[in-house]
Each structure stands twice: as structure tokens, then as C-alpha cells.
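Single-structure report; data block below.
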Amino acid sequence: MNKPKYLYKTEEHFVIYEFISEVPKGRILKMVEYTETATKGVYNLAFGDYDKVTNTINDLSVTNNGDSLKVLATVASTVYAFLDKHPNAYIVATGSTSIRTRLYRMGITNNLAEIKEDFIVYGLSDNGTWDEFVVGEDYEAFLITKK
């Protein structure tokens with residue numbers, strides 16, 4: 001995606017990514033982690049502020065740093081990097097709240113033409129089926145894989 005994004009660093013397996021959200025309000029360490037689910041080859045995307053006390057990702061924190069588009073573009077860039085290293089993987093993502101899931105849906109919608117060049121995107125309907133992503137539909141989760 002050709003959007004402003006933060007530089008991130010990762011480790012040798014390309015499953016953990018971290019970057020700094022840096023604006024006048026301060027610097028906040030963000031983390032993205034891909035964890036294989038019980039279904040082989042399907043990875044959950046976890047994202048949020050890194051909590052140094054608990055050594056975990058806090059996916060409920062609200063930092064209001066004014067850089068949400070840049071942060072989301074950075075998270076999206078980790079999807080590209082992860083799938084480059086794990087080309088047969090599927091990534092499942094959902095927001096920690098319905099508002100965040102809606103934000104992810106809007107991000108996919110706004111960039112769908114570009115996303116579809118490289119990926120297939122599915123949405124989890126409220127009836128429990130995975131359908132190819134359709135603009136304007138509500139979804140509970142999203143699934144993405146390389147074409």
C-alpha cells in the first residue's frame with residue numbers, strides 16, 4: 001500500500017513486528033503478532049500497544065495519537081511481509097471491539113482495489129460463513145490470503 005507508514009522491525013520468523021507511533025503526544029510502542037490457530041496454516045493477527053508490565057499486546061488501549069491511518073497502513077504492511085515469508089498462510093483478523101472491527105472493514109473497503117491485486121479477502125458473515133468480501137456488508141472477522 002502506498003500510504004505513509006512507520007518503519008517496523010521483526011524477528012527471524014517474521015511473526016512479531018514492532019514499531020513506534022510517534023507524534024507530539026508521545027511515543028507508543030505498537031506490536032503486531034501472528035499466531036497459528038488450531039487450524040493449521042491459519043494465523044490470528046493480534047495488534048495493539050505493547051504493555052511492558054505484562055509483556056503482552058493490549059488490544060483495548062485507546063491512545064488517540066492522531067496517526068491511526070499511518071498505524072493501520074503499517075499493520076497492513078506487516079501483512080505483506082508475513083505473507084511473503086509464509087505464502088500459503090491465511091490470516092484471520094477481527095477487532096477487539098465492534099467499533100474496531102468496523103474500522104478494519106472501512107480500511108479494507110477504502111483500499112480494496114489495491115488489496116485485491118495481491119490478496120483474496122473474505123468476511124465472516126453473522127450466519128457463520130466466510131464469503132468473499134463485499135463493500136457495504138458487515139462482517140465479524142476477516143480472512144486474507146495471497147492470490
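Worth a mention:
- The single condition among (1) assigned to a loop (DSSP other than H, G, I, E, B); (2) under 20 Å from Val42 (Cα atoms) that Asn127 does not meet is (2).
- Just one of the listed residues (Ile91, Ile99) is among the aliphatic types (A, V, I, L, M) and either loosely packed, with under 14 Cβ neighbours inside 10 Å or touching an Asp or Glu at 6+ places or on another chain (Cβ under 6 Å) (or both), namely Ile99.
- Options Tyr43, Tyr80, Tyr34, Tyr6: the member that is surrounded by fewer than 17 Cβ atoms within 10 Å (Cβ to Cβ), over 16 Å from Gly95 (Cβ atoms) and of a type in the set (Phe, Trp, Tyr): Tyr80
- Screening the candidates Glu114, Glu132 for the property of being of a type in the set (D, E, K, R), exposed (fewer than 14 other Cβ atoms within 10 Å of the Cβ) and touching a residue at least 60 places away in the same chain (Cβ under 8 Å) yields one hit, Glu114.
- Matching residues, the range 4-61, being at pLDDT below 90, among the acidic types (Asp, Glu) and either out of contact with any strand residue (DSSP E or B) (no Cβ under 6 Å at 6 or more places or on another chain) or under 20 Å from His86 (Cβ atoms) (or both): Glu22
The values are calculated or read from the model by the stated rules, or taken from the named source; none is laboratory data. Please read these numbers as outputs of a predicted model, since none were measured by experiment. Heads up, the Cβs are rebuilt from the backbone with ideal geometry, glycines too, and the neighbour counts pull from every protein chain shown.
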